[in-house]
1. Projected onto the charge dipole of the chain (+1 at Lys/Arg Cβ, -1 at Asp/Glu Cβ, origin at the Cα centre), which of G6, I37, A59 gives the Cα projection farthest towards the positive end?
2. Using the Cα gyration tensor of the chain, with a ≥ b ≥ c the square roots of its eigenvalues, what is the shape: rounded (a/c below 1.5), prolate (a/b larger than b/c) or oblate (neither)?
3. How much FRET efficiency would the formula 1/(1 + (r/R0)^6) give for I30 and E52, where r is the Cβ-Cβ distance and R0 is 30 Å, rounded to 0.05?
4. Of the accessible area of the chain, with the probe set at 1.4 angstrom, what percent is carbon plus sulfur?
5. What do you get for chymotrypsin sites (Phe, Trp or Tyr not before Pro) in the chain restricted to DSSP loop and a cutoff of at most 10 other Cβ within 10 Å of the site's Cβ?
6. Could you work out how far helix 26-36 tilts from the main Cα principal axis of the chain, as a 0 to 90 degree angle to the nearest 10?
7. Ignoring everything except DSSP H segments at least 4 long, calculate the 222 nm mean residue ellipticity for the chain; use -39,500 (n - 2.57) per segment, divide by total residues, nearest 500.
8. Using DSSP to define loop residues, name the GluC sites (Glu not before Pro) in the chain whose beta-carbon has at most 16 other beta-carbon atoms within 10 Å.
Amino acid sequence: MEHISGISRQQLQISSLEDRISPDNPVRFIEAFVEHISLESLGFKAKTIKTEGRPSFDAKVFLK
């Protein structure tokens, strides 16, 4: 009876999302635009739902 052989450990490639998005991708413009606008002046307000646990996400994350 043969043993099950594992996969090669040399296959792991660690890369970030930043590395995978090309410099001329339109998503980079959207990110830069959202970072420079003031959401408060557009009527967005941060809401604290609960005081314990993890903090909520920044509204800019969802807009991007």
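The values are calculated or read from the model by the stated rules, or taken from the named source; none is laboratory data. Note that the structure is predicted; figures quoted are calculated from it, not measured. For neighbour counting, all protein chains shown are included, and Cβ atoms are generated from backbone atoms with ideal geometry for every residue, glycine included. These area figures cover heavy atoms from the full protein model, side chains too; ligands, DNA and RNA do not enter into them. Shrake-Rupley method; radii C 1.70, N 1.55, O 1.52, S 1.80 Å.
1. Towards the positive end, the residue furthest out is A59.
2. Oblate, since a/c reaches 1.5 and b/c is not below a/b.
3. The value I calculate is 0.35.
4. Looking at the chain in its full context, I get 57 percent from C and S.
5. Loop-located and lightly packed - F57.
6. Result, in degrees: 40.
7. Taken over the chain, the calculation gives -7500 deg cm²/dmol.
8. E2, E40, E52
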